[in-house]
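S.K.: One structure follows; several queries about it will come next.
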Amino acid sequence: MTREQITLKIFEIFQREFEIVNPGLDDDLRETFGFDSVDAIELLLEIERLLRLELTHEEKKMAMEIRNIRQIIDYVESMAKKREL
Amino acid sequence: MTGRRVVITACAAITPIGHTRKEIVESLRRGASGVKPLKEDHLLSQFIHSQVFGTVDYPIEYDFKRTHRKTMGPVAYYACQVAKEVLEQAGLTQEFVTSGRLGVAFGSTHGSPTVQREIYKTFFSGSRSEFSAIGAVDYLKSMVHTTAVNITRMFGITGRVISSGTACTTSSQSIGYGYEMVKHGMQDAMLCGGADEYDTTTVAVFDNLLACSTAFNDRPHCTPRPFDVHRDGLVVGEGAGAVLLEEYEQAKRRGATILGEVIGFACNNNGGDLILPNLAGISETLRIGLRDAALAADQVDFVSAHATGTKMGDIIEAQAIHAVYGAGPFVTGLKGYMGHTMGSCGAIETIITLYMMQEGFIAPTLNLEEPDERCAMIRHTPALEERPMNVAAIQNFAFGGVNTSLLIKRFV
């Protein structure tokens, strides 16, 4: 999956699941959209569905530091690469 | 025990016979039933003998933000909607709402069964990936205090939280314990009530206990039939009700509209069987309520009976009413209109009693055509009475042997 494809999918997920339309890549998701830890857990489930893989507990914990869309795309890209998807 | 005066300064309900005060009063005046055929749920409905349900079948326009909606199951939608209407009606300042002096007493029978059903589906799917798909929010949507804390979150309420989950006495306890909080100075106001969503699990439970109505499946509006000789059991329903209780001096100072006054509350337990109604236990609740309100029995002019329409429950309740109040007060079983709305029935019946108190009429028990002779010793309300109501008792009883009696007074 290319970075462009991932970006497109993440935007789709944000619109569909969180009603957040076209967020800026560097917007602080919590401050700008009230995106909280519960949303983050839901997002991880969506990422697992997107990549058709199961994230480990450690990988999920790593994601808790993420603050914006750019970091989410980086994260998804690295998870995909790690598994050679 | 003396304490501060507690008044009701706002109320709102979602019921099978209407949402607004106008709709509900009109339904009562024209004897309209909210009992409808049981909906197909592709799980239990085809196995349930009772094919009727007290149904909220009109659209409700919710206007909740995503950040609030994400932790709400259907029951929390009901609860937050009536809470929102109550807070708007009361006109409390945002400063007071978030001051810690306003608390919430709100509950439901068992959180959100719709969400719980989805969780169980996932459990039994046998798939590991499905298992991990149990959402982080599913617990927040389905836990037993989901109504209370979704209300605190939505409005930023920081006071005490009480969340009774005592089935049929859930919301009468909410109002009663809220009353005691304000009366004794722990809080200056309490937002109290209960809600339950459309749920066939509850119907199945009562159906298995042979307690549900089955003889009127082809005529849903003819059941339940509180105190009637042809009654054949209860009808489960859905709904929500909320009241705002406020310390009297504060309400007066801020110029609030006072709808009524709570003057007494009682709650006890039968101390034995968890299902069978108990004459001694119920009678004692009613007596404690009168003592708490410092009233003589003949000062009560209306009793909102729990009256679910079961064979034994109605007889024992009639005996208790007669033992404590005699044949003086008019008695109405409001469940005749909408079935048993479970965790919300105490609040809904309190709100309907308030409406009747304000409008000066007493609604008859719907479907009471021929009183069972074993229930006939009390003063039933067979037809609509246009008369003032000054003091009313609202009584509710739950599985587990929990009984409540709430006494309210017209504010003049």
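S.K.: Out of B:A296, B:A189, B:A280, B:A256, report the one residue that is surrounded by fewer than 24 Cβ atoms within 10 Å (Cβ to Cβ) and either modelled with pLDDT under 95 or touching a strand residue (DSSP E or B) at 6+ places or on another chain (Cβ under 6 Å) (or both).
M.R.: Every option except B:A256 fails the conditions.
S.K.: While we're here: Are any of the residues in segment B:79-97 surrounded by fewer than 16 Cβ atoms within 10 Å (Cβ to Cβ) and not in a helix (DSSP H, G or I)?
M.R.: yes
S.K.: Here's something else I'd like to know. Being at pLDDT 95 or above and farther than 17 Å from B:C212 by Cβ is the filter; apply it to segment B:41-60 and report the residue that is surrounded by the most Cβ atoms within 10 Å (Cβ to Cβ).
M.R.: Here the answer is B:V56.
S.K.: Next up: For segment B:108-136: of the residues being among the hydroxyl-bearing types (S, T, Y) and at pLDDT below 90, which is nearest to B:S174 (Cα to Cα)?
M.R.: B:Y120
S.K.: As an exercise: evaluate B:I275 against (1) β-branched (V, I, T); (2) out of contact with any Cys (no Cβ under 8 Å at 6 or more places or on another chain); (3) surrounded by 17 or more Cβ atoms within 10 Å (Cβ to Cβ) and give the number of the one condition it does not meet.
M.R.: All conditions pass for B:I275, except number (3).
S.K.: Could you give every pair whose Cβ atoms fall below 7 Å, whose first residue belongs to segment A:1-29 and is over 15 Å from A:E42 (Cβ atoms) and more than 14 Å from chain B (Cβ to nearest Cβ), and whose second residue is surrounded by 12 or more Cβ atoms within 10 Å (Cβ to Cβ) and basic (K, R), counting only separations of at least 6 or pairs across chains?
M.R.: A:L25/A:R70; A:D26/A:R70; A:D28/A:R67
S.K.: Tell me yes or no: at least one residue of segment B:120-140 is under 20 Å from B:M72 (Cβ atoms), away from chain A (no Cβ under 14 Å), in a helix (DSSP H, G or I) and not basic (K, R).
M.R.: Taking every residue of segment B:120-140 in turn, at least one turns out to be under 20 Å from B:M72 (Cβ atoms), away from chain A (no Cβ under 14 Å), in a helix (DSSP H, G or I) and not basic (K, R).
S.K.: If you don't mind, another one. Does any residue in segment B:59-81 that is more than 14 Å from every other protein chain (Cβ to nearest Cβ) come within less than 8 Å, Cβ to Cβ, of a residue that is surrounded by fewer than 17 Cβ atoms within 10 Å (Cβ to Cβ) and among the β-branched types (V, I, T) six or more places away or on a different chain, and which pairs are these?
M.R.: B:Y77/B:I60; B:Q81/B:I60
S.K.: Oh, and also: Do you know which of the residues in segment A:30-69 that are touching a residue at least 40 places away in the same chain (Cβ under 8 Å) and within 15 Å of A:F14 (Cβ to Cβ) is nearest to the other protein chains (Cβ to nearest Cβ)?
M.R.: Applying the filter and picking the extreme gives A:L50.
The values are calculated or read from the model by the stated rules, or taken from the named source; none is laboratory data. Not measured: the values here are computed from a predicted model. Because the Cβ atoms are built from the backbone with ideal geometry, glycine has one as well, and the counts that use them run over all protein chains shown.
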